[in-house]
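**Q** Below are the structure tokens for one structure; questions will follow.
The values are calculated or read from the model by the stated rules, or taken from the named source; none is laboratory data. All values reported here derive from a predicted model rather than from experimental measurement. Neighbour counts run over all protein chains shown; Cβ positions are idealised from the backbone, glycine included. Please note that ligands, DNA and RNA were not included when accessible areas were found on the heavy atoms of the full protein model with its side chains. Shrake-Rupley method; radii C 1.70, N 1.55, O 1.52, S 1.80 Å.
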2 protein chains.
Amino acid sequence: MKELPKISEAEWEVMKILWSRSPQTANEVIEALEGQMDWKPKTVRTLISRLLQKEAIAFQETGRTYLYYPLVSQDDYVQTETQSFLKRLYGGAVKPLLVHFLREQKLSSDEISELKRILDEKTEEGPDRDRRKDR
Amino acid sequence: MKELPKISEAEWEVMKILWSRSPQTANEVIEALEGQMDWKPKTVRTLISRLLQKEAIAFQETGRTYLYYPLVSQDDYVQTETQSFLKRLYGGAVKPLLVHFLREQKLSSDEISELKRILDEKTEEGPDRDRRKDR
DNA sequence: TTTATTAGACTACACGCGTAATCCAAAAAT
DNA sequence: ATTTTTGGATTACGCGTGTAGTCTAATAAA
């Protein structure tokens, strides 16, 4: 199984652009970040280069310019990062985090209902039944 | 209001030791980390020094040695880090994260009950009632 | 009392990251 | 055809971090 490359915070912004649409040229990415990140074009190009090195993205050559696209999925990323975050701050225990959020954050009643529904589903399945897919 | 100093991952391990009990001497911290972190004593001392510089910890002098103790609370920390993590990965939206966790993680039925109870409380309060404390 | 140990202070050093600038070859403009 | 622009490659540089080692003064040991 592939090791996910570590993506820095600035690089993450670039990834978000490419996850939202791809492939894109460097200039398109630069433009998409404009006004929001206040980075010089060269800075963005550096980030793109580093993402290439890390094999987080790749490109197809089209004439003189490249079209970049992600090699890793945002989902995989969020998943992995969340795991390590959890482990670091909450010792891997999910419940304290959930409690924390449920308590502190403002949620609309719709959201609350949805969360309840999800919890109900889980109750029916039974707590110890492992229903995760293979992998 | 004080700015929380940024604590690196390695430094975090030291903080955990001091949060769990304090004050402690450098040697006590070193010993506490032994076997678990595989760091040379000097490494731990460096981390302690950096935490001092950042004013994340302080010490009382007792003869030749110092007794270190935290200046920031773990709770404040976890809170702040969680906020920025959330913002970075989930665009600040709590619900997607909650859904993600409720779905993916295995929770005992006790835990599920507790979470439901919390959600019920929130429902009763009403979704738009702002019940956070002043600040 | 001379020597060895030790606690803390200071120094080291490579790598990742944020933030670009410079170099070079090819394409576009003149 | 020569000059300018531009995309990508290479280089830069200071700061934080992981991971220690050296220096120094004081204490403990011999």
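**Q** What is the one condition in (1) touching a helix residue (DSSP H, G or I) at 6+ places or on another chain (Cβ under 9 Å); (2) open to solvent by 60 Å² or more (accessible area, probe 1.4 Å) that A:LYS42 does not satisfy?
**A** Against the list (1) touching a helix residue (DSSP H, G or I) at 6+ places or on another chain (Cβ under 9 Å); (2) open to solvent by 60 Å² or more (accessible area, probe 1.4 Å), A:LYS42 comes up short only on (1).
**Q** So, in region B:1-59, exactly how many residues are more than 8 Å from DNA strand D (Cβ to nearest atom) and part of a loop (DSSP other than H, G, I, E, B)?
**A** 14
**Q** Considering only region B:71-84, state which residues are open to solvent by 20 Å² or more (accessible area, probe 1.4 Å) and either facing chain A (nearest Cβ under 10 Å) or not in a loop (DSSP other than H, G, I, E, B) (or both).
**A** Scanning region B:71-84 gives B:GLN74, B:ASP75, B:ASP76, B:GLN79, B:THR80, B:GLU81, B:GLN83, B:SER84.
**Q** Taking the stated definitions as given, is B:GLU81 out of contact with any strand residue (DSSP E or B) (no Cβ under 9 Å at 6 or more places or on another chain), among the charged types (D, E, K, R) and under 25 Å from A:ALA10 (Cα atoms)?
**A** yes
**Q** Take the residues of region B:4-22 that are open to solvent by 50 Å² or more (accessible area, probe 1.4 Å) and more than 16 Å from B:GLU81 (Cβ to Cβ): which is farthest from DNA strand C (Cβ to nearest atom)?
**A** Among those residues, the one meeting the criterion is B:SER20.
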